[in-house]
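Comments concern the structure below.
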Amino acid sequence: MEIEHKLGGTQVEYGYIWWKTKENDKYRQILPEGDFTVDLQGQKIAGRKVDWKQGRVYIGKKPMQELFQKDDVVIISKSSDGKAVIVRKKEGYEPPPPDLVSKLRDSQRNTDDPTSFEKALVEAFQYLGFSAEHIGGRDEPDILINDDFKIILDSKTTKEGVITERYINFNALDRYKEKYKANHLGVVAPGFSEGYVRETAKKRGVILIETEAICKLLENHAVYPYEPTRVVEILFKSSKWVISTMDIPPSTIDQERLIEITAKILSDIRSTGKQSFTSRELHIAYQWQGLNYEVDDIEN
């Protein structure tokens, strides 16, 4: 669950998140009783505690004033380790379909209707910002992502356990790649056995993606959206051939990086007295300083 919260009134000025006490039940679903840690745009702030009588929690004047302005809208959610996560709502943000993660988990075991898993994956990648299309049928891939990235995905269901090599037609995947001029090949399944299937996938350039990794992407994306390019990096450019939940970084890491870059740019503008820089100028300057900031990061 998550809450869309507007920082109206003097919340930013005094360092609080507050709400009407009649909404306590809603906020109790996310904010714990007793002391807890807040993840505020990537900053960890420990020792926070809700005042339920007043309907508020003190975050801190300095971090609130540094990160937010009056009338900003934030998304409040609860992380898997019990932290309260607060991030600014990104333009174009949409909450995830409430049943999408459940749909993926259920359909991956539905061998009587494997198409339901294919369609759930299409829905998942569309939510992540891709132009995903369900194709299916004889001699066709299950899913085509026809963006600049050109990705072919096949899905595999099994009633229990994991997928072995015999489930995957690697020759067919090669044909799909050539037919659609794809840059990346992936197979999504509940899991993959050790040994041959992993070795063959590596030799053939196919990424094996566990369903739970996709679920983790969706959950993180609901807290703070990934850019599609970032999802491609995570799934297809990590130098790993099997992607599990352990390989899915929090989306708030991207926000922390943007905050770091923004602070650096503002500091340089102040110190040089120059009113503005182009992203290309900054990129070249930061390369000389040994900072790995991409042009796209700077432009964002």
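The values are calculated or read from the model by the stated rules, or taken from the named source; none is laboratory data. The shown structure was predicted, so the numbers you read here are calculated from the model rather than taken from an experiment. Here the Cβ positions follow ideal geometry from the backbone for every residue, glycine too, while neighbour counts run over all protein chains shown.
Of the strands (runs of 3 or more DSSP E) that lie entirely inside segment 133-244, those containing 1 or more residues that are at negative phi and touching a His at 6+ places or on another chain (Cβ under 8 Å) span 143-145, 151-155, 206-210. For the criterion of being without any contact (Cβ under 8 Å) to a residue 40 or more places away in the chain and not hydrophobic (A, V, I, L, M, F, W, C), residue 160 fails. Only residues that are out of contact with any helix residue (DSSP H, G or I) (no Cβ under 8 Å at 6 or more places or on another chain) and either small (Gly, Ala, Ser) or surrounded by fewer than 16 Cβ atoms within 10 Å (Cβ to Cβ) (or both) were counted across segment 64-79, and they come to 3. For segment 227-242, which residues satisfy the criterion of being surrounded by fewer than 17 Cβ atoms within 10 Å (Cβ to Cβ) and within 15 Å of residue 126 (Cα to Cα)? Passing the criteria: 227, 229. The requirement of being more than 23 Å from residue 99 (Cβ to Cβ) and at pLDDT 95 or above is not satisfied by residue 188. Taking segment 37-82 as the range and being touching a Leu at 6+ places or on another chain (Cβ under 7 Å) and either without any contact (Cβ under 8 Å) to a residue 12 or more places away in the chain or under 24 Å from residue 222 (Cβ atoms) (or both) as the test, the residues that pass are 40, 41, 50, 57, 59, 63, 67, 68, 71, 72, 74. You will find that of 90, 61, 49, the residue that is modelled with pLDDT under 90 and either out of contact with any helix residue (DSSP H, G or I) (no Cβ under 6 Å at 6 or more places or on another chain) or surrounded by fewer than 13 Cβ atoms within 10 Å (Cβ to Cβ) (or both) is 90 and no other.
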